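Engineer: Quick one: the structure is below, and I'll ask about it shortly.
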Amino acid sequence: MKRSVGFLVLFLLIVSATGLSLAQSTLEKIDKSGVLVIGTRNGSPPFAYINKNNDWVGFSIDLVEQTILPVLNKKLNKQIKLEKKESAPATRIPLLTSNAVDLIAETMTDTQARRDQVDFSLTFFVTGAQFLVRKGSPVKGIESIAGKRIAAQQGSTNAKIIREKVPTAKLVEFQDQPAAFQALSQRQVDAYTNDGIQLAGLRAKAPKPDEWAVAGDFFSYEPYGMAMRKNDSDFRHVVNVGLMDAIASGRYLEIYEKWFGAKGEVPYPLTPENKRFLQLQVVPK
Amino acid sequence: MNYHFNWSVLWTGQTGGWLLQGVVTTLQIFALGLLIAIALGIVAGALRTVPLAPLRWLAGGYVEFFRNVPLLVWMFFWYFAMPPLLPQGIQDWLFAHGVEFWAAVCAIGVYHGARFSEVMRAGIQSIPKTQLEAALSTGLTVGQAYRLIIIPIAMRLIIPPATNETVNLLKNSSVALTIGVAELTFQTRQIETYTAKAFEALAAGTIIYLILCLTVASMMAYVERRVAIPGMIAHGQSGAS
């Protein structure tokens with residue numbers, strides 16, 4: 001027993017020691033290192049994924065590179081390099097708080113619980129949860145999943161909603177999208193739930209897209225934001241100015257068109273309501 | 001660090017229940033996996049030392065194949081590749097009764113069985129050959145000599161390295177989260193999802209694993225003292241030989 005108490009004390013010492021190390025703001029950190037480190041996904045097309053040419057690309061990454069980085073360069077008056085690190089739902093908040101990354105730019109839903117721990121940029125994309133099913137599946141939406149085996153991504157808000165709304169559904173939670181899709185294509189599960197846009201992306205990237213269908217109405221509201229360390233408003237302002245300038249100037253729409261347009265990776269037209277919503281977030285200069 | 005610790009998330013609402021469920025599932029995987037691992041380990045370990053070449057090759061093949069492929073790969077194998085090979089009736093039954101859990105038990109049991117068998121072999125080979133010869137000269141068959149003499153002695157010898165393996169098995173049960181088994185590590189991530197309190201959840205998981213492993217280790221130490229044959233196996237403290 002004495003030994004275990006010793007371990008515990010050691011562990012708590014390590015945890016508290018990391019708390020003493022930080023006194024600089026994110027902007028100071030970036031200024032000193034010359035690098036903006038973002039945490040992003042590598043299997044969530046078209047937001048952030050590894051493409052056929054083995055490049056790490058996506059809508060979220062483009063937004064950082066083409067809208068936020070220029071503002072950051074101007075603010076710090078030097079060329080800042082972009083570095084990408086892999087993040088997952090379970091690791092993204094620790095990555096931020098431990099200073100391993102400065103910005104989470106992937107498919108993270110802005111929620112009140114998360115705002116206790118991190119700060120979010122303005123919303124840069126809006127979607128909601130749906131189901132990916134085999135064509136002709138009896139699963140037509142959240143109303144028809146009772147007793148069915150449903151795959152979800154652990155750490156997502158969708159699994160939480162299913163557990164609360166349809167407790168009889170058998171939820172199987174995977175760590176990432178590829179494993180969940182594998183389970184679906186092997187018929188281990190009847191449907192896979194995730195944000196609608198991600199399912200559309202998955203379907204578009206599947207070997208035979210026609211075998212799959214995205215089913216049901218949105219059963220959740222998922223506003224995507226970029227996450228940052230809490231109480232660092234100068235950096236947050238840079239990020240928001242980058243996004244606002246892009247929305248106001250039309251640059252955002254160009255990037256949107258590249259990924260979600262008719263010729264994009266995942267055709268998903270911007271609805272007039274969503275466009276209006278994005279524009280309303282832009283405050284005057 | 002801009003992080004506000006709030007340890008009460010670990011016991012408010014559902015989180016306490018989740019941790020408890022996680023511990024129960026982890027212990028279930030541990031117990032069933034350990035049973036398979038020990039059974040396979042004893043058989044394969046003993047077979048690797050018998051004076052019959054084909055049996056040695058068979059056991060050697062099992063050990064080399066299973067211990068040299070990462071556990072994660074075995075996890076995916078038992079979950080994704082195994083069920084489609086089974087008849088439809090068994091598949092349906094498995095899908096209705098938590099196929100993830102059974103795949104995890106098989107993956108961990110068979111993988112650790114290969115590792116256990118090496119521990120077992122080391123134990124058997126540390127027994128002087130004359131012991132077996134003496135047993136055979138009393139009229140026992142090879143099978144009887146192993147069952148009654150060699151394996152009981154070897155089992156006592158291997159308790160320290162077997163403790164290592166047992167604790168490893170317990171910790172490796174966390175790999176099951178990759179195929180969606182709601183064990184302890186999975187539940188700590190679940191708490192992170194619901195409360196955004198990653199450090200608290202991880203700390204809780206760490207401490208629970210520590211307690212479980214220390215318990216296993218002290219139980220094994222107790223067993224070691226209880227089953228020791230006085231005068232037979234040398235102990236540092238007693239100085240007997």
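Engineer: Looking only at the stretch A:187-223, count how many residues are of a type in the set (Asp, Glu) and under 15 Å from the mean Cα position of the chain (by Cα).
Structural biologist: The number of residues fulfilling the criteria is 2.
Engineer: Which of the residues spanning the stretch B:156-167 are surrounded by 17 or more Cβ atoms within 10 Å (Cβ to Cβ) and part of a helix (DSSP H, G or I)?
Structural biologist: B:LEU157, B:ILE159, B:ALA162, B:THR163, B:GLU165, B:THR166, B:VAL167
Engineer: With the requirement that a residue be in a loop (DSSP other than H, G, I, E, B), in contact with a Phe, Trp or Tyr (Cβ under 7 Å, 6 or more places away or on another chain) and farther than 14 Å from A:ILE150 by Cα, what does the stretch A:186-211 give you?
Structural biologist: A:ALA206
Engineer: Another question about this same structure. Kindly provide the set of residues from the stretch A:227-241 that are away from chain B (no Cβ under 14 Å) and either within 17 Å of A:PHE277 (Cα to Cα) or of a type in the set (Lys, Arg) (or both), ordered by number.
Structural biologist: Narrowing the stretch A:227-241 to residues away from chain B (no Cβ under 14 Å): A:237-241.
Correct list: A:ASN240, A:VAL241.
Engineer: Still on this structure, I have one more. Based on what the data block shows, is A:ALA183 within 14 Å of another protein chain (Cβ to nearest Cβ), buried (at least 17 other Cβ atoms within 10 Å of the Cβ) and in contact with a Leu (Cβ under 9 Å, 6 or more places away or on another chain)?
Structural biologist: So A:ALA183 does not fit the description; no.
Engineer: Just to be sure, is B:VAL167 β-branched (Val, Ile, Thr) and in contact with a Cys (Cβ under 7 Å, 6 or more places away or on another chain)?
Structural biologist: yes
Engineer: Also: Suppose the filter is under 17 Å from A:GLY201 (Cα atoms) and either surrounded by fewer than 24 Cβ atoms within 10 Å (Cβ to Cβ) or within 12 Å of the chain's Cα centre (by Cα) (or both); does A:VAL57 pass it?
Structural biologist: So A:VAL57 fits the description; yes.
Engineer: Please determine whether any residue of the stretch B:20-31 is more than 24 Å from A:ALA180 (Cα to Cα), modelled with pLDDT under 95, out of contact with any Phe, Trp or Tyr (no Cβ under 7 Å at 6 or more places or on another chain) and in a loop (DSSP other than H, G, I, E, B).
Structural biologist: There is no residue in the stretch B:20-31 that is more than 24 Å from A:ALA180 (Cα to Cα), modelled with pLDDT under 95, out of contact with any Phe, Trp or Tyr (no Cβ under 7 Å at 6 or more places or on another chain) and in a loop (DSSP other than H, G, I, E, B).
Engineer: Which of the residues that make up the stretch B:27-49 are surrounded by fewer than 16 Cβ atoms within 10 Å (Cβ to Cβ) and either without any contact (Cβ under 8 Å) to a residue 40 or more places away in the chain or closer than 21 Å to B:ALA182 by Cα (or both)?
Structural biologist: B:LEU27, B:ALA31, B:LEU35
Engineer: State yes or no: is A:LYS52 modelled with pLDDT of 85 or more and away from chain B (no Cβ under 13 Å)?
Structural biologist: So A:LYS52 passes the test.
Engineer: Check the stretch A:62-78 and report whether any residue there is part of a strand (DSSP E or B) and surrounded by 17 or more Cβ atoms within 10 Å (Cβ to Cβ).
Structural biologist: There is no residue in the stretch A:62-78 that is part of a strand (DSSP E or B) and surrounded by 17 or more Cβ atoms within 10 Å (Cβ to Cβ).
Engineer: With the requirement that a residue be among the hydrophobic types (A, V, I, L, M, F, W, C), within 10 Å of another protein chain (Cβ to nearest Cβ) and in contact (Cβ under 8 Å) with a residue 24 or more places away in the chain, what does the stretch B:163-190 give you? Steps first, answer last, please.
Structural biologist: Restricting attention to the stretch B:163-190, the residues satisfying the condition of being among the hydrophobic types (A, V, I, L, M, F, W, C) are B:167, B:169-170, B:175-177, B:179, B:181-182, B:184, B:186.
Then drop every residue that is not within 10 Å of another protein chain (Cβ to nearest Cβ), which leaves B:177, B:179, B:181-182, B:186.
Across the stretch B:163-190, the qualifying residues are B:ILE179, B:VAL181, B:ALA182, B:PHE186.
Engineer: Return yes or no: is B:ALA204 aliphatic (A, V, I, L, M), under 20 Å from B:ALA31 (Cβ atoms), in a helix (DSSP H, G or I) and more than 10 Å from chain A (Cβ to nearest Cβ)? I'd like the intermediate steps shown before the answer.
Structural biologist: Values: aliphatic (A, V, I, L, M): yes; under 20 Å from B:ALA31 (Cβ atoms): no; in a helix (DSSP H, G or I): yes; more than 10 Å from chain A (Cβ to nearest Cβ): yes.
No; evaluated as a whole, the condition is false for this residue.
Engineer: Checking A:VAL172 against (1) part of a strand (DSSP E or B); (2) over 30 Å from A:LEU103 (Cβ atoms); (3) away from every other protein chain (no Cβ under 14 Å): exactly one of these is not met. Which one?
Structural biologist: (3)
Engineer: A further question on this structure: Of these, B:TYR194, B:TYR146, which one is in a helix (DSSP H, G or I), among the hydroxyl-bearing types (Ser, Thr, Tyr) and within 14 Å of another protein chain (Cβ to nearest Cβ)? Walk me through it before giving the result.
Structural biologist: On the way: B:TYR146 fails: within 14 Å of another protein chain (Cβ to nearest Cβ).
Result: B:TYR194 is the single residue among B:TYR194, B:TYR146 that is in a helix (DSSP H, G or I), among the hydroxyl-bearing types (Ser, Thr, Tyr) and within 14 Å of another protein chain (Cβ to nearest Cβ).
Engineer: Looking at B:LEU94, B:LEU86, B:LEU52, which one is of a type in the set (A, V, I, L, M, F, W, C), within 14 Å of another protein chain (Cβ to nearest Cβ) and loosely packed, with under 15 Cβ neighbours inside 10 Å?
Structural biologist: B:LEU86
Engineer: Is the stretch B:108-122 home to any residue that is away from chain A (no Cβ under 14 Å), buried (at least 18 other Cβ atoms within 10 Å of the Cβ) and without any contact (Cβ under 8 Å) to a residue 40 or more places away in the chain?
Structural biologist: no
Engineer: Oh, and also: For the stretch B:1-26, which positions are hydrophobic (A, V, I, L, M, F, W, C), within 14 Å of another protein chain (Cβ to nearest Cβ) and touching a residue at least 12 places away in the same chain (Cβ under 8 Å)? Lay out the reasoning, then the answer.
Structural biologist: So the first thing to find is which residues in the stretch B:1-26 are hydrophobic (A, V, I, L, M, F, W, C), and the list is B:1, B:5, B:7, B:9-11, B:18-20, B:23-24.
Imposing the further condition that a residue be within 14 Å of another protein chain (Cβ to nearest Cβ) reduces the set to B:1, B:5, B:7, B:9, B:18.
Residues satisfying the conditions are B:PHE5, B:TRP7, B:VAL9, B:TRP18.
The values are calculated or read from the model by the stated rules, or taken from the named source; none is laboratory data. Here the structure is a predicted model, which means the values were calculated and not measured. Quick reminder, even Gly has a Cβ in these numbers, built from the backbone with ideal geometry, and neighbours come from all protein chains shown.
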